[in-house]
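Trainee: Below is the structure I would like to discuss, written out as structure tokens.
The numbers here are math on the coordinates, done by the rules we state, and not lab data. These numbers were taken from a predicted model, which means no experiment stands behind them. Cβ placement follows ideal geometry from the backbone for every residue including glycine, while neighbour counts extend to all protein chains displayed.
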Amino acid sequence: RLAPPGRAPGAPGGGPTTGPAAPAGAGAVAGEAPVAGEAPPTGAAAEEAQGAGAPAGEGTVGVAGPDGVAGTGGVAGTTEAATGPEAATGSEAALESLPALVEPPRLRDRMGRTRDRLSGYLRGLRGRSAIGEEDWESIEAALLGADVGVATTTALLSDLRERVRAGEILDGDALTAALRADLRDSLTAAGGPELRYEPGTTNVWLFVGVNGVGKTTTIGKVARRQVEAGRSVLLAAGDTFRAAAAEQLGMWAARAEVDIVRGAEGGDPSAVVFDAVQRAAARGNDLVLADTAGRLHTKVNLVEELKKIRRVAARPPGNVTEVLLVLDATTGQNGLAQAQQFLQAVGVTGVVLTKLDGTAKGGIVVAIQRELGLPVKLVGIGEGPDDLVPFDAEQFVDALFEDASAPA
């Protein structure tokens with residue numbers, strides 16, 4: 001069996017695995033020495049870095065850390081891998097595999113708070129034969145209250161006012177319908193929710209975001225869905241700075257019955273991702289889901305670290321097909337500021353919005369897609385393992401306007 005995280009067969013006290021190579025599949029294999037430079041070792045150097053007697057892909061190969069950085073555990077090239085139930089720590093109950101996927105919840109059933117905030121203002125427009133200034137104030141208050149944001153609200157109202165002046169919109173019902181259509185168009189202009197996957201390559205999906213937004217849990221839920229879709233998944237515990245991150249991701253790995261590559265606390269995260277990509281390529285995994293550190297997005301060191309991780313993950317055989325920014329919907333416009341920072345740093349391809357069911361600020365979805373041009377690809381609408389669902393713009397807008405369509 002592969003060793004659980006932080007422990008090899010015969011290693012006392014669960015300390016990091018170091019020393020001579022373990023037999024194939026028996027645990028982590030420590031590399032002999034770091035190799036400086038941007039490119040991973042090849043030829044004889046690669047064989048030496050793998051450690052004596054360990055065929056490539058049979059254990060976690062301890063090659064030198066990328067970008068000339070030694071491996072993740074303070075010992076050159078030390079990372080660890082675990083699989084199945086042994087990948088996690090904690091109670092036996094927590095390690096049980098999750099039941100099969102159930103029918104995903106509907107957005108309309110989980111969007112009550114944002115819908116109440118919006119429809120409370122818009123319901124008064126129903127049946128109006130003329131549109132007055134108080135109606136514009138109601139729409140503005142509704143959009144700002146749902147945290148659509150000043151810039152997006154101003155743009156939407158400007159367009160609607162122009163159409164009223166041109167005689168295209170004559171009454172309150174038409175105004176509500178036009179606003180509904182404009183919101184739907186805004187939500188589809190940035191692209192659909194499909195996650196990009198290229199068959200025949202080692203796909204890498206990086207997950208970025210500040211601490212506390214639900215990044216690690218999101219990775220676990222995505223892994224579960226990808227396994228159910230028939231893909232072979234490997235997790236990379238790239239957040240080596242938060243003490244509980246690797247253990248938490250290990251529990252999700254056990255639940256989804258997938259492998260995980262992890263390093264020692266405080267080690268180099270890019271080396272963990274590098275080792276995970278190499279392992280996935282050697283073993284034929286379709287997809288690497290990589291966690292990353294989430295300290296404040298304004299910290300220069302974190303931004304540079306994320307750039308390095310992305311650069312390393314994209315080296316052949318790695319193919320970075322998604323960089324997903326995980327945002328907490330309850331933070332509203334603060335999430336938009338975070339998105340702008342990460343977009344500049346690592347080329348974010350899409351957003352995962354968590355805790356959408358627990359906020360009246362669901363309008364941030366509109367601001368993200370309209371102002372940043374980023375598609376919201378997944379939304380979290382509950383605490384259950386199946387409550388992370390693809391974002392559906394049509395369902396989202398219908399959920400927002402459901403009560404507003406009822407007569408006042």
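Trainee: Which net charge results when you count Lys and Arg as +1 and Asp and Glu as -1 among the other residues whose beta-carbon is under 11 Å from that of L170? Could you put the intermediate results ahead of the total?
Mentor: Details: positive: R128, R163; negative: E168, D171, D173.
Combined, the nearby Lys, Arg, Asp and Glu give -1.
Trainee: Among residues other than A337 whose Cβ falls under 13 Å from its Cβ, what is the net charge (Lys/Arg +1, Asp/Glu -1)?
Mentor: Values: positive: none; negative: D147, D328, E371.
Result for the local shell: -3.
Trainee: Among Y197, Y121, what is the fewest-to-most ranking by other Cβ atoms within 10 Å? Intermediate results must be reported in sequence, preceding the final value.
Mentor: Values: Y197 16, Y121 20.
Sorted ascending by nearby Cβ count, the order is Y197, Y121.
Trainee: Take the Cα atoms of region 238-373, find their three principal axes, and give me the spread along each one in whole Å, biggest first.
Mentor: Result, largest extent first: 44, 30, 28 Å.
Trainee: Can you sort E322, E383 so the residue with the fewest Cβ neighbours within 10 Å comes first? Write down the numbers at each step before the final one.
Mentor: Values: E322 19, E383 11.
Going from sparsest to densest Cβ surroundings: E383, E322.
Trainee: Counting only residues 5 or more places away or on other chains, whose amide H sits under 5 Å from the amide H of F391 once H atoms are built in the peptide plane?
Mentor: L378, V379
Trainee: Where Lys and Arg each count +1 and Asp and Glu each count -1, what net charge lies around E133 among other residues with Cβ under 11 Å from its Cβ? Could you put the intermediate results ahead of the total?
Mentor: Details: positive: R161; negative: E134, D135, E137, E140.
Residues close to E133 contribute a combined charge of -3.
Trainee: Based on other C-beta atoms within 10 Å, arrange R123, R224 from fewest to most.
Mentor: Numbers: R123 18, R224 22.
Neighbour counts put them in this order, fewest first: R123, R224.
Trainee: Additional query: Past 23 Å, Cα to Cα, is the threshold; run K307/K361; K221/K355; K355/K377; K308/K355; K221/K377 against it and keep the listed order. All intermediate terms of the calculation are to be shown ahead of the outcome.
Mentor: Values: K307/K361 30 Å; K221/K355 14 Å; K355/K377 14 Å; K308/K355 29 Å; K221/K377 14 Å.
With Cα atoms farther than 23 Å apart: K307/K361; K308/K355.
Trainee: So what does log10 I(q)/I(0) come out to for region 302-408 at q = 0.10, 0.12, 0.13, 0.17 Å⁻¹, using the Debye formula with one equal point on every Cα and no solvent?
Mentor: Each listed q corresponds, in turn, to -0.34, -0.47, -0.54, -0.85.
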